[in-house]
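The next block holds one structure in the form of structure tokens; read it before the comments.
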Amino acid sequence: MFDTKLARGSVFITVFMAAFCLAGSSQICPARPPAGSTVQDPLAVYSQNGVLTAGITMGSFLNSSGLIMYCFAYPQGSTEAPTLEVNPGDQLVLNFSNQIQTFFASDAQRHMHHSIAAVADPDCNGEMTSFSSNIHFHGMNLPPKCHQDETIFTLINPGDPTFTYHVQIPADEPPGLYWYHPHPHGLTQTQIMGGASGALIVEGIEKIKPEVAGLTEHVFVLRDQYQGSALNTTINFVPAGSPAPVINMQPSEKQFWRVANAEGETFENLQVQINGKPQKVTVVALDGTPVKTDIVTNQIGLPPAGRAEFIVQGPAAGQTGALVTLGVSTGKDGVSNPPALIANIVPTAGASKAAHKIPAISTESEVTRFAGLLNATATTQRGLYFSENLTDINNIEYYITVDGQTPQVFEPGEPPAIVTTQGAVEDWTIENQAEEVHAFHIHQVHFIVVARDKVKLATPEVLDTVQIPAWTGTGPYHSVTIRLDFRDPESVGTFVYHCHIAAHEDGGMMAKIQVKPSN
């Protein structure tokens, strides 16, 4: 009924077969916009007096094709998860309730793995079931601790009490676009691709990048889902295709776009076109971190989980505009990411009257979080590699392995593959030995990409997710070399690194790292 290479194991099969089950009771998730709709920004929720308090409910429903969809529902009635807007140093208090519906009566007690007493706080030693969920604050430099950003054993189930995340935003957190999404191992793909994700913005980018001050701001969250064996992108839940989503801009207006690739499988190569011709945009931040020097380009590559913030000038009156992806080569064994129209850009008088604008500049500042990392001396160098076992096409095994260790699929109870100490600065060279693209991500810290294919970059990039091209089957493997900063106390604890193709992560392409205290 569908391409077995796309199944990636039993989780996706279960979701697909939801077409044959009965729907649950009331629907928590709001209706999603139909094809051809005008793209609306997510509802923004702002901190007040240094605190942002919000309630998020995890819900599920069956769409018209019988697929299980998921949402982060917000009680104030937003079509999608709200954009959480905080300042450096703020407190984020997020009350999370899991109300996923039971679509298979026999599934209610099916365990993905057993609960393991691995943390002192029983709140983060939940039982793993088919309906478990949690929240990961992707890209945020937060401690991997219970009620903060611990994702291995924090498992909230339907019927559990409301779980409160109480997060201290670091005072030196770079201003920019982050995002939040579920991270229960084995279920991440279905929940992300079902639509459970939202944007998180640390404010103040105009203090670092004054060129964005006063511009109209738009937040665009790209999500994907399967339609049969094909992937389809949505932008703020408006499905791409025909009729296409519509982005209205005042004629020739300059705007500040914040785009999150919250897709489970899809790599994007974004381009803005006017009358079919590529346009230059000015990138001011990547993965939530302002770039040192603005990047003027006519295409932006975003792996799953990547974010870009850029200035774009829209079409003049009488012109036609489009936001497209040029497509990405994913390798012989990869899922197709072909060129596609994401949205039409339509010049519309008065379109930005009610839109949110970036504040005027009050004071100027600079990013201090990663100061000196590029020139720091690495205390340790490591080699890692992505690989796959394709022996059983219906049960592909995915690995991320430290050189010298044996490839194995991830298990939550396994010991850390890497142990280091707070204060360490490490260089990792990560090879892709598979014939499909992968995207490396590590929790709790950013990293600097210092080399690609062992060639030093003239302009190193601060990222939290990086794409590594597929091996062609001959010649050397592609690789990236990254410098990781474990100097801050927030990194102390045990957390994970993995491929951010969600099916690969669920299929075992993940491992633990433990950062021990320095004393």
Which residue pairs have Cβ atoms closer than 8 Å, lie 6 or more positions apart in sequence or on different chains, and pair a first residue in segment 300-319 that is in contact (Cβ under 8 Å) with a residue 12 or more places away in the chain and on the phi > 0 side of the Ramachandran plot with a second residue that is surrounded by 17 or more Cβ atoms within 10 Å (Cβ to Cβ) and in a strand (DSSP E or B)?
-> ALA305/HIS138; ALA305/TRP179; ALA305/ASN261; ALA305/ALA439; ALA305/HIS441; ALA305/THR465; GLY318/PRO347
Within segment 351-364, can one find any residue that is under 30 Å from GLN433 (Cα atoms), touching a residue at least 60 places away in the same chain (Cβ under 8 Å) and acidic (Asp, Glu)?
-> no
Within segment 174-193, work out how many residues are surrounded by fewer than 24 Cβ atoms within 10 Å (Cβ to Cβ) and more than 12 Å from the chain's Cα centre (by Cα).
-> 3
Which listed residue is without any contact (Cβ under 8 Å) to a residue 40 or more places away in the chain and either in a strand (DSSP E or B) or on the phi > 0 side of the Ramachandran plot (or both), from HIS166, HIS147 = HIS147
Quick one: which strands (runs of 3 or more DSSP E) sit completely within segment 257-370 and have at least 1 residues that are aliphatic (A, V, I, L, M) and over 21 Å from LEU463 (Cα atoms)?
-> 268-274, 307-313, 321-325, 340-347
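Filter segment 330-377 for residues that are on the phi > 0 side of the Ramachandran plot and either touching a Pro at 6+ places or on another chain (Cβ under 9 Å) or surrounded by 14 or more Cβ atoms within 10 Å (Cβ to Cβ) (or both) and give the result.
GLY331
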Looking at this structure, is ILE274 of a type outside the set (Asp, Glu), within 18 Å of the chain's Cα centre (by Cα) and surrounded by fewer than 23 Cβ atoms within 10 Å (Cβ to Cβ)?
-> no
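Residue by residue, here is whether (1) surrounded by 20 or more Cβ atoms within 10 Å (Cβ to Cβ); (2) within 29 Å of SER132 (Cβ to Cβ) holds:
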{"residue": "ALA35", "(1), (2)": "no, no"}
{"residue": "ASP41", "(1), (2)": "no, no"}
{"residue": "TYR46", "(1), (2)": "no, no"}
{"residue": "VAL51", "(1), (2)": "no, yes"}
{"residue": "GLY55", "(1), (2)": "no, yes"}
{"residue": "GLY59", "(1), (2)": "yes, yes"}
{"residue": "SER64", "(1), (2)": "no, yes"}
{"residue": "TYR70", "(1), (2)": "yes, yes"}
{"residue": "ALA73", "(1), (2)": "yes, yes"}
Would you confirm whether any residue within segment 422-435 is modelled with pLDDT of 95 or more and in contact with a helix residue (DSSP H, G or I) (Cβ under 7 Å, 6 or more places away or on another chain)?
-> yes
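The values are calculated or read from the model by the stated rules, or taken from the named source; none is laboratory data. Remember, it's a predicted structure, so these values are computed and weren't measured experimentally. FYI the Cβ positions are ideal-geometry reconstructions off the backbone, even for glycines, and counts take in every protein chain you see.
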